[in-house]
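The values are calculated or read from the model by the stated rules, or taken from the named source; none is laboratory data. These figures come from a predicted structure and were not determined experimentally. In this analysis, Cβ positions are derived from the backbone assuming ideal geometry, glycine residues included, and neighbour counts consider all displayed protein chains. For the accessible areas, the whole protein counts, side chains as well, though only heavy atoms, and no ligand, DNA or RNA atoms are used. Shrake-Rupley method; radii C 1.70, N 1.55, O 1.52, S 1.80 Å.
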Amino acid sequence: MPGRVPFRFCRYQISIGEEILDAAGQTQTLTEMQGDEFKHGSGRSGNPPPNVLIMEPRVFECDEERCLNFSVGLRAGVRIVQGYNKQVARVDSRMQPDSHIKLARFVTIPHMGLMAVEDRASDTMINAQQALGSLRTIIRQFGGNQGNLDVIHLTDEDVSAALQQWELTQYDYVVSPLNPITAGELAERRSAAMKQENIGLERGTALPARGNNMHQNEGLIAETAALTEVGYGQNGFKGVTPDGHEGHIPKPRFHHDRHKNLAERSKPRFLRIYFQSDEDDISVSVARALMRFYNHGEQATDIP
């Protein structure tokens, strides 16, 4: 039975020294370094650090855009083995050498500065956060400690666009009334209704009527989103993207202080899009979804 494969979407830029690598430069760099192992981190319990490497780089085309597909692997070198000693009624654990490699798949569109990273953890997979850290190590060391990987996750504009375009299946929010600033009509309306009933904090989850999906209009979703935009709330949601994939943007931590709420949204905010594992070529579907979500054709030049 086919399962779902989550990918985390982001913008990215790779540079070596002062040079920002274009599509050709990224392709050449990945090809040159593939299979070479680099030390990652400091290790633990006196053991050497794990090795990380690039595997199976491949160029492919999607909607006339040149795309890259590759895997980042992590070889821990050791693993913990547990057993049970019946004679002394004790669980034993020990470290033993291990050549096993865990990995995560990447799909990138270098010309657009767009990247998707497989995001699941298992005996054979590493999650997106580990994969991005491993790729950053590889690029830095390959560039003689002058290489760099910059990543931008969701912006407020990305979140707002998704909220307007997705068929929503769940909407989570926490909001408080406006105080002391004023905002737009929708935020004012929600705030006034809360104040009339002496409500200091509203927390909820909205779900669609059976057989339907939700859309932002001028009701609860739009009002609470308007409060969130000016720092009086946080929201997150699940839904179906315009190209038919399930997506999830989690709700950030809520603070009673408006400025702290705004600062919370400046932290990395992650988007996960889910794809069917039995697709003929999942990389093409991921690349097409990347382009559809960000909906632009220029390079990501706003990455510092």
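What pairs come out if I take residues in the stretch 20-41 that are under 12 Å from Leu68 (Cβ atoms) and touching a residue at least 40 places away in the same chain (Cβ under 8 Å) and pair them with residues that are open to solvent by 40 Å² or more (accessible area, probe 1.4 Å) and in a helix (DSSP H, G or I) whose C-beta lies under 8 Å away, six or more apart or interchain?
Taking only residues 6 or more apart or on different chains, the pairs are Thr29/Phe142.
Mind checking which residues of the stretch 1-38 are more than 18 Å from Ile138 (Cα to Cα), open to solvent by 80 Å² or more (accessible area, probe 1.4 Å) and not in a strand (DSSP E or B)?
Of everything in the stretch 1-38, just one residue is more than 18 Å from Ile138 (Cα to Cα), open to solvent by 80 Å² or more (accessible area, probe 1.4 Å) and not in a strand (DSSP E or B), namely Met1.
Could you say whether any residue in the stretch 39-55 is at pLDDT 95 or above and surrounded by fewer than 18 Cβ atoms within 10 Å (Cβ to Cβ)?
yes
Give me the pairs, please: first residue somewhere in the stretch 146-169 and farther than 30 Å from Gly219 by Cα and open to solvent by less than 60 Å² (accessible area, probe 1.4 Å), second residue anywhere and part of a loop (DSSP other than H, G, I, E, B) and among the charged types (D, E, K, R), beta-carbon distance under 9 Å, and either six or more positions apart or on two chains.
Cβ pairs passing all conditions: Ile152/Asp302.
Taking the stretch 57-107 as the region of interest, how many residues are of a type in the set (Asp, Glu), surrounded by fewer than 17 Cβ atoms within 10 Å (Cβ to Cβ) and touching a strand residue (DSSP E or B) at 6+ places or on another chain (Cβ under 9 Å)? Walk me through how you get there before you give the answer.
The first filter runs over the stretch 57-107 and keeps only residues of a type in the set (Asp, Glu), leaving 61, 63-65, 92, 98.
Next, from what is left, pick out any that are surrounded by fewer than 17 Cβ atoms within 10 Å (Cβ to Cβ): 61, 63-64, 92, 98.
From what is left, the residues that are touching a strand residue (DSSP E or B) at 6+ places or on another chain (Cβ under 9 Å) are 61, 92, 98.
The total comes to 3.
For the stretch 92-111, what are the residues that are in contact with a helix residue (DSSP H, G or I) (Cβ under 7 Å, 6 or more places away or on another chain) and either more than 13 Å from Ser134 (Cβ to Cβ) or in contact (Cβ under 8 Å) with a residue 60 or more places away in the chain (or both)?
Val107, Ile109, Pro110, His111, listed by residue number.
If Gly73 satisfies all but one of (1) over 30 Å from Arg288 (Cα atoms); (2) part of a strand (DSSP E or B), what's the number of the condition it fails?
Condition not satisfied by Gly73: (1).
Yes or no, residue by residue, for (1) in a helix (DSSP H, G or I); (2) among the charged types (D, E, K, R):
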{"residue": "Met112", "(1), (2)": "no, no"}
{"residue": "Met115", "(1), (2)": "no, no"}
{"residue": "Ala131", "(1), (2)": "yes, no"}
{"residue": "Ile139", "(1), (2)": "yes, no"}
{"residue": "Asp150", "(1), (2)": "no, yes"}
{"residue": "Val159", "(1), (2)": "yes, no"}
{"residue": "Gln164", "(1), (2)": "yes, no"}
{"residue": "Asn179", "(1), (2)": "no, no"}
{"residue": "Ala183", "(1), (2)": "no, no"}
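Which of (1) out of contact with any helix residue (DSSP H, G or I) (no Cβ under 6 Å at 6 or more places or on another chain); (2) more than 28 Å from Asn127 (Cα to Cα) does Ala226 not meet, given it meets every other one?
Answer for Ala226: the failing condition is (1).
I'm trying to understand the selection: among the residues of the stretch 55-72, which are touching an Asp or Glu at 6+ places or on another chain (Cβ under 9 Å) and without any contact (Cβ under 8 Å) to a residue 40 or more places away in the chain? Don't jump to the end; show me each part of the working.
Filtering the stretch 55-72 down to residues touching an Asp or Glu at 6+ places or on another chain (Cβ under 9 Å) leaves 60, 67, 69-71.
Result: Ser71, single match.
For the stretch 204-221, which positions are over 25 Å from the mean Cα position of the chain (by Cα) and closer than 17 Å to Lys251 by Cβ? Lay out the reasoning, then the answer.
Initial filter on the stretch 204-221 (over 25 Å from the mean Cα position of the chain (by Cα)): 208-212, 217-220.
Passing the criteria: only Leu220.
Of everything in the stretch 271-283, what is modelled with pLDDT of 95 or more and open to solvent by 20 Å² or more (accessible area, probe 1.4 Å)? Give them in sequence order.
Within the stretch 271-283, Arg272, Tyr274 qualify.
Considering only residues that are in contact with a strand residue (DSSP E or B) (Cβ under 8 Å, 6 or more places away or on another chain), outside any strand (DSSP E or B) and open to solvent by less than 30 Å² (accessible area, probe 1.4 Å), which ones fall in the stretch 191-216?
Here is the first cut: in the stretch 191-216, the residues in contact with a strand residue (DSSP E or B) (Cβ under 8 Å, 6 or more places away or on another chain) are 194, 201-208, 213-216.
Then drop every residue that is not outside any strand (DSSP E or B), which leaves 194, 201, 207-208, 213, 215-216.
Answer for the stretch 191-216, where residues must be in contact with a strand residue (DSSP E or B) (Cβ under 8 Å, 6 or more places away or on another chain), outside any strand (DSSP E or B) and open to solvent by less than 30 Å² (accessible area, probe 1.4 Å): just Met194.
How many of the residues in the stretch 226-267 are surrounded by 20 or more Cβ atoms within 10 Å (Cβ to Cβ) and in a strand (DSSP E or B)?
Of the residues in the stretch 226-267, 7 are surrounded by 20 or more Cβ atoms within 10 Å (Cβ to Cβ) and in a strand (DSSP E or B).
Could you tell me which of the residues Ser176, Ser134 is of a type in the set (Ser, Thr, Tyr), open to solvent by less than 50 Å² (accessible area, probe 1.4 Å) and within 30 Å of Ala76 (Cβ to Cβ)?
Details: Ser176 fails: within 30 Å of Ala76 (Cβ to Cβ).
Going through Ser176, Ser134 in turn, just one is of a type in the set (Ser, Thr, Tyr), open to solvent by less than 50 Å² (accessible area, probe 1.4 Å) and within 30 Å of Ala76 (Cβ to Cβ): Ser134.
Within the bounds of the stretch 173-194, is there any residue that is without any contact (Cβ under 8 Å) to a residue 40 or more places away in the chain, in contact with a helix residue (DSSP H, G or I) (Cβ under 9 Å, 6 or more places away or on another chain) and within 23 Å of Phe293 (Cβ to Cβ)?
no
Among Glu223, Glu188, which is farther than 30 Å from Ala24 by Cβ, acidic (Asp, Glu), open to solvent by less than 40 Å² (accessible area, probe 1.4 Å) and not in a loop (DSSP other than H, G, I, E, B)?
Working: Glu188 fails: open to solvent by less than 40 Å² (accessible area, probe 1.4 Å).
Within the list Glu223, Glu188, the selection yields Glu223.
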